[in-house]
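What follows is one structure encoded as structure tokens, with my remarks underneath.
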2 protein chains.
Amino acid sequence: MTVLDVATDASALTDALDETHRASELWASTTPLERSAALNRVASFLAERADEAVAVAARETLIPADRLAGEFTRTIKQVRLAAEVVAEGSWLDISITEENAEAKPPVRDHRRMNVPLGPVLVFAASNFPFAFGVVGTDTASAWAAGCAVVAKGHPGHPELARLLETLVSAALSESGLPAALFTLVEGDELAVEVLKHPHIAAGAFTGSIRGGVALTRVAEERPVPIPFYAEMGSVNPVIVTPRAWAARRAEIEAGLVSSMTVSNGQLCTSPGILFAPGPGVTGEHLLTLLQGTSAAPMVTESVAREFHAGIGRLAETKGVTGVPGVTGSRDPAARSATPVLWSASVAVARTDPSVFQERFGPSSVIVSYDDLDDVLDTIDALDGQLTASVFAEDEDDITALVEHLGRRVGRVLLNDWPTGVAVSWSMHHGGPWPASSNAMYGSVGAEAIRRFLRPVAYQNFDEGRLPAAVQSSNPWGVSQRVNGVAQPC
Amino acid sequence: MTVLDVATDASALTDALDETHRASELWASTTPLERSAALNRVASFLAERADEAVAVAARETLIPADRLAGEFTRTIKQVRLAAEVVAEGSWLDISITEENAEAKPPVRDHRRMNVPLGPVLVFAASNFPFAFGVVGTDTASAWAAGCAVVAKGHPGHPELARLLETLVSAALSESGLPAALFTLVEGDELAVEVLKHPHIAAGAFTGSIRGGVALTRVAEERPVPIPFYAEMGSVNPVIVTPRAWAARRAEIEAGLVSSMTVSNGQLCTSPGILFAPGPGVTGEHLLTLLQGTSAAPMVTESVAREFHAGIGRLAETKGVTGVPGVTGSRDPAARSATPVLWSASVAVARTDPSVFQERFGPSSVIVSYDDLDDVLDTIDALDGQLTASVFAEDEDDITALVEHLGRRVGRVLLNDWPTGVAVSWSMHHGGPWPASSNAMYGSVGAEAIRRFLRPVAYQNFDEGRLPAAVQSSNPWGVSQRVNGVAQPC
């Protein structure tokens, strides 16, 4: 069992991270199939104790057990997808240029491949105790890349983190791998010490902008800076064209309330703004919809407190009005929240950017517009976002709108809601600052592995001395590019 | 003609960067073939004025004209390779996951592709007025990615930068493209203002560690941080095994002197350290070799001054001795330098890390060792490097050595010298900090384009509204991954 708790002193920390470093080097030298098998074993060990893990998570987070069971299934799928991706091998990004003595100047044989960065520090999120927890997507993708993981548990679910650590530890032991491939760290201060340690080669975080920015800065200011991937939040604008609003307003309103209340709004993809054509929102249908919802728990007391403070500020914002009859829970002491909707004009929203801030809870602002061009201008001035959604009819020309959105967000949806992030080869879960600290990477699915790789080239080596991946005989059977041409496997 | 000189005021700067921004959006919307054709036209326009450009560069830098002519040919090759890479299309990294209504939860169609980051600020280097100049590899790869470029000229060759700007401008005009796809900036202060401007989306730099670190920090501390790729320098260790030293010492010594004097040592890949088995260097053969060299010009006065200061410090370092009879030019006032060699033991080198600092000029330290394990330990403690070279015989087991080097450097060479960086699909020119500010990227060849791309996903779009690249009909004929499986083009 490898847990660094708050009582860990500097010497014990150094010893533990030396172990992490050694384990990471050993893990880096495994073949894709070995790595894939070990990941699948972790997935199996997790799945065997699903009921127990869900029960612990439900008690600690107050998230309903059925939602947690779904999240746990997704988390196991993430680990299995990471296993599939690492076995497939395209992440190695192999490129071989053979010797060309005739070229001027002559070209020596050289071959490039990706190698793991080294040990990764993962910060677990509050709102997804499994999917973005200590054995979530960051950990799965760092392992897949060939990196040992040190995971900082979230204080909202400490018992769960310890349970998951024992399951991972057992799976690693069964695979004959060192326990130090996974170390649990508890406490913010200790985690920052780990982030500063020379053995740590990258960091990954899902949480608030404030936390993500602070940790990114720590990573940048190290004597040897390291990449830090913070997925920090988003207000996920939804734009409804006049035609779509006319054709299916009731359906879209129902979709909004449904999407914004998933996980009681505590999702980084929760739709916090919906642009609808004027003249403002009457609220009768919305009121009916919201009356079908009720107060639901928040994952931690501080998340609840921040949410209530956020909607309190919104209520005091000039030009922003609560949808009549729908004000939601305003009890700052409660660790729960009731869905709440607001309306504002696009002019108000543009003069007060606080309207576009993420609330992280079941709150959304319906922004009325007269002219879609005003929405385009507003989008251009928005902070970077994880997602933006467009609701449009077939007759609508949305070319310009989609182009604008593509410049500000990581994922554009058409007639679909942003909550629900598929774990797949093609998902992109990230976006321009401050949605992510690094817009070039995403944290979900196959792409997540690339955050923990860097290229190395080998020049003028004889076949037998090359790493297996870049040998011409291709013993790993992975995709290779040769002299600029992608080869069939 | 688009040149921002030191007299440019804030308002003119804003206007110019607004133009850059608009040009970048237009350029981003071009097809790969359009972009490729425009790049090839730039290459042709450059090639037509090769003699004139080389003459200007020779006058400004004092680099011999034949070496500059070779560099110019290489630079044109870089632009043509960028054109080839952009047309080939794998940089789009397209991944399509089709709808799966049967999955639990159901999966909506979603498709990921790379898009350009936006305008890139390029800082030209002193030592390669063409290859890493205002129309060098950074500019070519940023254009290929679909980004407009603002290039800061190096004060060592201002007239050349203006000439290159007119050639590029003419080529862009001939292609019907806006002149603002390429803007020349003069002066450090103005360049920093540009780096801070909201329209700039990334930066690229080749030069000193001091300069690269300072600019990286500016990029990180912007309200919206942007990626900054600084390629900063390296001492490029060479390790000779006892067997190789016994078998071909004279050949290796000749190779060292040849490699360290390429471009009078003013290369980021110049071999600054050679580990050879003890008992120290007698220097007779080396003396003969160096007597065949002579003082040669340095590219700028400040480069010459820094070099002389650096070797002055080396001469005063305890345990470091000049190879007898070979001391080189020590005249700090001269804008020239004579090749110089030093010897030290591995013990001395390890206690004084200054021995491993880059001198940026024709100086190399021969470090004698008794036990190759001491070299391994020294390598592990080294700063990140662009390259490391191993000279070994067939009987040598260099597995551990190559593994160690792979963790500290970007390119490992076997029985080859690091100077000379092929412009190819497979080169990696970069390395762990402080060789590069970001070890995950390289600045030469096909890989360089990736520094200026980020992913965007499109979810639940109908075919006709998708960007062409990710349409199932694949109108661009580029490689696409579908449901996790790479498709033949």
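The values are calculated or read from the model by the stated rules, or taken from the named source; none is laboratory data. Computed from a prediction, not measured in an experiment: that's the story for all the values here. All Cβ positions, glycine included, derive from the backbone under ideal geometry; neighbour counts span all protein chains shown. For accessibility, only protein heavy atoms count, side chains too; no ligands or nucleic acids. Shrake-Rupley method; radii C 1.70, N 1.55, O 1.52, S 1.80 Å.
Remarks
- Helix B:32-48 and the longest principal axis of the Cα set of chain B meet at an angle near 50°.
- Label point 7 Å beyond Cα along the C-beta direction, distances from A:V485 to other copies (nm, shortest first): 2.3
- In Hz, Karplus ³J(HN,Hα) per residue of region B:317-322 (6.51, -1.76, 1.60; θ = phi - 60°; x = Gly, Pro): 6, 4, x, 9, 10, x
- Considering only region A:237-414, percent of DSSP beta bridges that pair antiparallel, nearest 5: 15 percent
- Length-normalised contact order of chain B in % [C-alpha pairs under 8 Å, at least 6 apart]: 19 percent
- When chains B and A come together, the accessible area they lose, probed at 1.4 Å and totalled over both chains, is close to 5500 Å².
- The relative contact order of region A:404-485, computed from alpha carbon pairs under 8 Å that lie at least 6 residues apart in sequence, is 18 percent.
- For the protein assembly as shown, the antiparallel share of DSSP beta bridges with both residues in that region comes to about 30%.
- Relative contact order (%) - criterion: Cα under 8 Å, at least six apart; region: region B:217-373: 29 percent
- For chain B, the longest principal axis of the C-alpha atoms and the axis of helix B:158-174 are separated by about 30°.
- Inter-copy label distances for A:P106: 6.3 nm (label point placed 7 Å from Cα along Cα→Cβ; shortest first).
- Once backbone amide H atoms are built at 1.01 Å from N, A:S336 has A:M298 as its partners under 5 Å, excluding neighbours fewer than 5 places away on the same chain.
- Surface composition of the protein assembly as shown: carbon plus sulfur atoms contribute 53% of the solvent-accessible area (1.4 Å probe, protein chains only, all chains present).
- Over region A:237-414, the pair-distance histogram of Cα-Cα distances with 10 Å bins from zero comes to 10, 40, 37, 11, 1 percent, rounded to whole numbers.
- Residue of chain A whose Cβ sits closest to the axis mapping A onto B, with distance in whole Å: A:E220, 3
- Over region A:237-414, accessible surface divided per residue gives 39 Å², non-protein components excluded, 1.4 Å probe.
- For B:T166, neighbours were defined as the other residues whose beta-carbon sits under 14 Å from its Cβ, and their charges (Lys and Arg +1, Asp and Glu -1) total -3.
- From phi via Karplus (6.51, -1.76, 1.60), per-residue ³J(HN,Hα) for region B:449-460 in Hz, x at Gly/Pro: 4, 5, 5, 10, 10, 9, x, 9, 10, 10, 10, 6
- Part-to-part distance (alpha-carbon centres) for region B:53-84 and region B:101-152, which is given in Å: 23 Å
- Taking amide H positions as modeled 1.01 Å from N, with prolines and chain starts lacking one, the residues under 5 Å from B:G445 and 5 or more places away or on another chain are B:S424.
- Loop-located chymotrypsin sites (Phe, Trp or Tyr not before Pro) across region A:420-489 with a Cβ neighbour count of 14 or fewer within 10 Å are lacking, with loop assigned by DSSP.
- Total formal charge among the other residues, if their Cβ is under 14 angstrom from that of B:K77, Lys/Arg +1 and Asp/Glu -1: +1
- When you filter the chymotrypsin sites (Phe, Trp or Tyr not before Pro) in region A:337-387 for DSSP loop state and at most 13 other Cβ atoms inside 10 Å of their Cβ, nothing is left.
- Other-chain or far-sequence residues with amide H under 5 Å of A:L453's (modelled H): A:L117
- Inter-part distance where region B:292-311 and region B:373-420 are each reduced to a Cα centre, Å: 28 Å
- Principal-axis analysis of the Cα atoms of chain B puts helix B:10-28 at an angle of about 70° to the longest axis.
- When you filter the GluC sites (Glu not before Pro) in region B:54-110 for DSSP loop state and at most 15 other Cβ atoms inside 10 Å of their Cβ, you are left with B:E98, B:E99, B:E102.
- Inter-copy label distances at B:A334, using a point 7 Å along Cα-to-Cβ, come to 8.4 nm with the shortest given first.
- The local environment of B:E221, defined by Cβ-Cβ distances under 12 Å, has a net charge of +1 under the rule Lys, Arg +1 and Asp, Glu -1.
- Once the gyration tensor of the Cα atoms in chain A is diagonalised, the equivalent ellipsoid follows with semi-axes of 42, 28, 19 Å, ordered largest first.
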